[in-house]
There are 2 protein chains.
Amino acid sequence: MSAGKNAFYAQSGGVTAVINASACGVIETARIHKDKIANVYAGRNGIIGALTEDLIDTGQESDSDIAALRHTPSGAFGSCRYKLKGLEENREQYERLIEVFKAHNIGYFFYNGGGDSADTCHKVSQLSEKMGFPIQAIHVPKTVDNDLPITDVCPGFGSVAKYIATSTREASFDVCSMAKTSTKVFVIEVMGRHAGWIAAAGGLAADKHNPIPIVILFPEVEFDQQAFLNKVKQNVEQYGYCSIVVSEGAHWPDGKFLAEQGTRDAFGHAQLGGAAPVVANMVKDALGYKYHWAVADYLQRAARHIASKTDVDQAYALGKAAVEMAINGDNAVMPAIVRKSDEPYVWEIGKAKLEDVANVEKMMPKEFITEDGFGITDACRRYLTPLIVGEDYPPYENGLPKYVTLKNKPVEKILNTDFQL
Amino acid sequence: MSAGKNAFYAQSGGVTAVINASACGVIETARIHKDKIANVYAGRNGIIGALTEDLIDTGQESDSDIAALRHTPSGAFGSCRYKLKGLEENREQYERLIEVFKAHNIGYFFYNGGGDSADTCHKVSQLSEKMGFPIQAIHVPKTVDNDLPITDVCPGFGSVAKYIATSTREASFDVCSMAKTSTKVFVIEVMGRHAGWIAAAGGLAADKHNPIPIVILFPEVEFDQQAFLNKVKQNVEQYGYCSIVVSEGAHWPDGKFLAEQGTRDAFGHAQLGGAAPVVANMVKDALGYKYHWAVADYLQRAARHIASKTDVDQAYALGKAAVEMAINGDNAVMPAIVRKSDEPYVWEIGKAKLEDVANVEKMMPKEFITEDGFGITDACRRYLTPLIVGEDYPPYENGLPKYVTLKNKPVEKILNTDFQL
């Protein structure tokens, strides 16, 4: 235990609607344990902030601004897409981290990210053993892709799932109204290049009270054009309309993404569009149905206005648990969500070893996808439903969510030396 | 006044998050005045339901289901894109309407739609005078495009505006977090082929507490590529990132839409995509910035989960007022919103003559767009802000909004004769 030392906290990779809720959990919990953790320094733009000695003094922020992080989407300190190489490959980077950590008396390292970040965190956790610098590294899970192992769910996913399920239901009601004389097919494109978790959430839009015909195109299922067109046709003939949820990762048997349909603009540049317009046009060409399509992109992962309360609660709890684990002397671990029961959904915080988390991708189980490859099974519903339950509305001002922008004051530099990224 | 007669109600054109709130206002108010209005028959799929004698007996719906219309997006009875021709051009259609109205003892005609529908409603209002059939026709305004004259605002617009402003703010927070090493430019495409009201709402995402750099491409302003690129570059250099709101109606000086950039797919088919990917690629080509883009499409007009309370209240009030006007003997009118003050926003219900509404488009005033053509003025903010104020959340079940699907039982046919649409 590093009594009285400072903590470093950084956000990594794509941000989410609730990564700041984890930051809130980390900082509020650290503030309760001032005797153990003197200050929380955040990396400006993630790990880059550590390498360049660009640290943010979160101690300068008011309690109410830190509390407001809980309802603010995005990464309050800036994130980055920057992966540290292996300790052997790029020893210089780790020496620099140690240099900065030493200068600022940092004994705790909290890294808030996905799979790649868990790997980085794991490497930092080995600094004590391999390079003689005492530090405790704890990973705080985050990723809308929901592809981390061990934890029941990754914070960020539940809110995207709620957004996509809600949006798919709403747009389906819309196209159903229009179908008699106009639009019969609505296509929504969702994130998830490798795993179909988000696409699966679109399937929740339909249930026993809402018999919406939804066709899902998963990255896990090779695209079968004829089967797909047959399914859409059958839905339109039976229901009058059809909704399609297409993952950005949906692909042909040869691995080529649907989005890479050879689209070229007037200048000959390849691929302007996404998968949604490709699928929509395919339906129009083969079946003649009028369509509309949407690409949710960042809107889905930033939509704090319709965040899942379960997701917000878990994101906060994991940040809090990370600090408590650090205080209790843990290193090289990640607090994780453990599901005790589906209905009612009961969860608790468990602890995973980083060596079991780093570089392992959790894919959708086969039994979550219906046999025809276009829908979700009851098992999938049982898994997904509790993750989107509960609303946690932000405060509003002048009709808009009131999100906080922190002051993000820098910690005075001590080294003041350049470091080449 | 047609005591004891039935009313016909129909939804027309593109549906919205709150058109059912107007239906709720019509039906609940009619139920209070059973002595004046015996039953409300809704047209299945709008006016087509009247022409084909396909009427829905709203009397079969429970009070609680009718109340739930207030929080349900889309058109509960089905809408249509079908415009009646002039009385002289297609007398047959009007004779058919009279035949159906006579058969079902219909003395009131409530038409819930935009500009085209106001024109149809106006024609129906003349049936008494021109064809000797006593009917009172009242138009209930609705259109996300906000382009009807006289009324301060059109129901449906305020909720789209709230959705677009919120989504733009949320995505801007996201791209701001990512900008250091990744995405620097975010583009969101919004509806509005002729008028930039919705695009203008994107500008509300920025305010004195949220200095977000937003560039808006309005349909009212001829696209100036160089000025646009300069503005984006300047924003990225100053703020590190830039958000762009592009109207689907944004166009080049020659009138060609940005979306029609000559995009072709592998089969040589024209234009898969929208304006957003075109603009995003243009920025990438000229300035090299990494981008993300979203196309909101139906998501924006169906997003009842983040409807504006002001909008919902007005939609309901206009439906209610339409019935009260009918009962008071009015014909050929439209209840309208009259703004009494901006701050606090005070509004009341006024009355417009249909002859002044039909076929008149209300465009954005020039003084609502900044001189450089890329932003909104304070006058525009004063107009827009009150329209998005207030939240009116739907109930949730299993994490999703609980929207009602009516039974929509048919009124027994009396004529049972075919009519060719």
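The values are calculated or read from the model by the stated rules, or taken from the named source; none is laboratory data. Bear in mind that the values here come from a model prediction, so they are computed numbers and not experimental data. Positions of Cβ are generated from backbone atoms using ideal geometry, with glycine treated the same way; all protein chains shown enter the neighbour counts.
Quick one: which helices (runs of 4 or more DSSP H) sit completely within segment A:1-79 and have at least 2 residues that are more than 19 Å from residue A:395 (Cα to Cα)?
Here the list reads A:19-32, A:47-51.
Any residue that is on the phi > 0 side of the Ramachandran plot, in contact with a helix residue (DSSP H, G or I) (Cβ under 7 Å, 6 or more places away or on another chain) and modelled with pLDDT of 95 or more - is there at least one of those in segment A:375-396?
The answer is yes, given that some residue of segment A:375-396 is on the phi > 0 side of the Ramachandran plot, in contact with a helix residue (DSSP H, G or I) (Cβ under 7 Å, 6 or more places away or on another chain) and modelled with pLDDT of 95 or more.
With the requirement that a residue be under 12 Å from residue B:421 (Cβ atoms) and either in contact (Cβ under 8 Å) with a residue 60 or more places away in the chain or part of a loop (DSSP other than H, G, I, E, B) (or both), what does segment B:86-104 give you?
The answer is B:90, B:96.
Out of (1) in contact (Cβ under 8 Å) with a residue 40 or more places away in the chain; (2) more than 14 Å from every other protein chain (Cβ to nearest Cβ); (3) out of contact with any helix residue (DSSP H, G or I) (no Cβ under 9 Å at 6 or more places or on another chain); (4) not acidic (Asp, Glu), what's the single condition that is false for residue A:193?
In the conditions (1) in contact (Cβ under 8 Å) with a residue 40 or more places away in the chain; (2) more than 14 Å from every other protein chain (Cβ to nearest Cβ); (3) out of contact with any helix residue (DSSP H, G or I) (no Cβ under 9 Å at 6 or more places or on another chain); (4) not acidic (Asp, Glu), residue A:193 misses (2) alone.
Being surrounded by 14 or more Cβ atoms within 10 Å (Cβ to Cβ), in a loop (DSSP other than H, G, I, E, B) and in contact (Cβ under 8 Å) with a residue 60 or more places away in the chain, is that true of even one residue in segment A:335-356?
Scanning segment A:335-356, I find no residue that is surrounded by 14 or more Cβ atoms within 10 Å (Cβ to Cβ), in a loop (DSSP other than H, G, I, E, B) and in contact (Cβ under 8 Å) with a residue 60 or more places away in the chain, so the answer is no.
Can you find a residue in segment B:343-356 that is of a type in the set (Gly, Ala, Ser) and more than 25 Å from residue B:138 (Cβ to Cβ)?
no
Do you know which residues across segment B:139-177 are more than 8 Å from chain A (Cβ to nearest Cβ) and closer than 30 Å to residue B:241 by Cα?
B:144, B:145, B:157, B:158, B:159, B:160, B:161, B:163, B:164, B:168, B:172
If a residue has to be within 10 Å of chain B (Cβ to nearest Cβ), touching a residue at least 24 places away in the same chain (Cβ under 8 Å) and not charged (D, E, K, R) to count, how many in segment A:296-334 make the cut?
Total satisfying the criteria: 9.
Consider only pairs whose beta carbons are under 7 Å apart and that are at least six residues apart or on different chains; among these, list those whose first residue lies in segment B:238-262 and is free of Cβ contacts under 8 Å to residues at least 12 places away in the same chain and whose second residue is in a loop (DSSP other than H, G, I, E, B) and surrounded by fewer than 16 Cβ atoms within 10 Å (Cβ to Cβ).
Hits for this filter: B:262/A:266.
Give me the pairs, please: first residue somewhere in segment A:32-59 and aromatic (Phe, Trp, Tyr), second residue anywhere and modelled with pLDDT under 95 and assigned to a loop (DSSP other than H, G, I, E, B), beta-carbon distance under 7 Å, and either six or more positions apart or on two chains.
none
Can you confirm whether segment B:404-413 contains a residue that is in contact (Cβ under 8 Å) with a residue 60 or more places away in the chain, of a type in the set (A, V, I, L, M) and within 11 Å of chain A (Cβ to nearest Cβ)?
Yes, there is a match, as at least one residue in segment B:404-413 is in contact (Cβ under 8 Å) with a residue 60 or more places away in the chain, of a type in the set (A, V, I, L, M) and within 11 Å of chain A (Cβ to nearest Cβ).
Going by the structure shown, is residue B:99 modelled with pLDDT of 95 or more and out of contact with any Leu (no Cβ under 6 Å at 6 or more places or on another chain)?
Yes.
Just to be sure before I move on: is residue B:323 aliphatic (A, V, I, L, M), farther than 26 Å from residue B:190 by Cα, surrounded by fewer than 17 Cβ atoms within 10 Å (Cβ to Cβ) and in contact with a strand residue (DSSP E or B) (Cβ under 9 Å, 6 or more places away or on another chain) in the structure I sent?
no
Looking only at segment B:357-378, which residues are exposed (fewer than 14 other Cβ atoms within 10 Å of the Cβ) and more than 27 Å from residue B:304 (Cα to Cα)?
Once the filter is applied, which keeps residues that are exposed (fewer than 14 other Cβ atoms within 10 Å of the Cβ) and more than 27 Å from residue B:304 (Cα to Cα), segment B:357-378 yields B:359, B:365, B:366, B:367, B:371, B:372, B:378.
Can you go through B:58, B:16 and tell me which one is crowded, with 24+ Cβ neighbours inside 10 Å and either more than 17 Å from the chain's Cα centre (by Cα) or modelled with pLDDT under 95 (or both)?
Result: B:58 is the single residue among B:58, B:16 that is crowded, with 24+ Cβ neighbours inside 10 Å and either more than 17 Å from the chain's Cα centre (by Cα) or modelled with pLDDT under 95 (or both).
If you go through segment A:263-283 one residue at a time, how many are modelled with pLDDT under 90 and among the polar types (S, T, N, Q)?
Counting residues in segment A:263-283 that are modelled with pLDDT under 90 and among the polar types (S, T, N, Q) gives 2.
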